[in-house]
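The values are calculated or read from the model by the stated rules, or taken from the named source; none is laboratory data. Worth saying up front: this structure is predicted, and the values here are computed from it rather than measured. Using ideal geometry, Cβ is built from the backbone for each residue, glycine included, and neighbour counts are taken over all protein chains shown. Surface areas here come from the heavy atoms of the whole protein model, side chains and all, with no ligands, DNA or RNA. Shrake-Rupley method; radii C 1.70, N 1.55, O 1.52, S 1.80 Å.
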Amino acid sequence: MPPHKRSRSLLSRFAETVMVGIVRAVFGFARFIGPERSAAFGAALARTIGPLLPAHRTALANIRAVYPEMPEKDVRALALSAWDNLGRVGAEYPHLADLFDFDPDATVPGRIEVDGIDRFVELRDDGKPGIFFSAHLANWELPAICAARFGLDATAVFRAPNDPAVARVLHEIRSGTMGGLEAARQGAAFAMQGALEKGSHLGMLIDQHFTRGVQVSFMGRPAMVNPILGKFARRFDCPVHGVRVIRLPGHRFRLQLTPPLDLPRDPDGQINVEGAMQAMTSVVESWVREHPEQWLWMHRRWRVPAPRPGA
């Protein structure tokens, strides 16, 4: 390696090490002040800084397009509420190990309540593969922790943050609180398939744009979605459940697991991939419409490519 490239590589590693230290210090401070105060601080910070970012314009445009009759003051209030939720999610990462305190035998409710825990247990014990889909609602990390705490063999597919320092610290937190983890990258499909082949379960967020995906209708507008869960559902003919998180007052959360979806099938009896992804997306839409303030409106979700001439 040439000297200038070696120096650049050493400098890059040094900068990442410094950033990891800074991120750990911030997370350490958040642990010191506790989950409630750190979440409140994260929310206030996001509500202050968020509107100054380009992503805020994306959020406003998305909300106006989905709710064209909504008064402008309500559009802006909804966008601020979405920033509030996102700030809380970020500030809750250092507390993920302690945040999930659900105990089905407890007489006093904790921070977490779970609708459908019996289904989790049934899926854990049935010896069959299964698929979970979810969305960026409330704190979307909690279902993977629930699965790990109750012994459900599951692999969660996640997208690593762009910043390597943040990605490194978040991976440390996730690996200490969740079960199997698989980064969304080239070749990840083989690991996902392997999990299902051994009778495990696969969980994935499906509410973000995927350029090479299939087109679905989401919130009344065309959108592209990753078809991989539909393809796996077709191949393994396994149950597909939706799981979501609802942020409740008093720093509490509710997890809900749906019954298995009745997915559309082709004339030959096999699950139709496009129809399956539409069915999952429609469930996500119902969740977002119920709690729009807890969804990630800042993402450029609707990016359907223009049709080619003559197509």
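Name the residue farthest towards the positive end of the dipole of region 64-118 from the options Val89, Ile117, Ala79, assuming +1 on Cβ of Lys and Arg, -1 on Cβ of Asp and Glu, about the Cα centre.
Farthest towards the positive pole: Ala79.
Placing +1 on the Cβ of each Lys and Arg and -1 on the Cβ of each Asp and Glu in region 232-282, which of Asn272, Gly242, Leu255 has its Cα farthest towards the positive end of the resulting dipole?
Leu255
Cα to Cα, under 15 Å, and not fewer than 8 places away if on the same chain: which aspartates and glutamates meet these conditions relative to Lys73?
Lys73 reaches Glu293.
Have a look at region 188-250 and give its Rg and Dmax from the Cα atoms, expressed in angstrom.
Just the Cα atoms of region 188-250 yield Rg and Dmax of 14.1, 43 Å.
Based on Cβ point charges of +1 for Lys and Arg and -1 for Asp and Glu, what charge dipole magnitude is obtained for region 46-167 about its Cα centre, in debye rounded to the nearest 20?
With Lys and Arg at +1 and Asp and Glu at -1, about 720 debye.
Can you put Leu142, Leu205, Leu52 in order of accessible area, largest first, using a 1.4 Å probe?
Leu52, Leu205, Leu142
Any chance you could check the Cα centroid distance between region 209-281 and region 37-76 for me, in angstrom?
26
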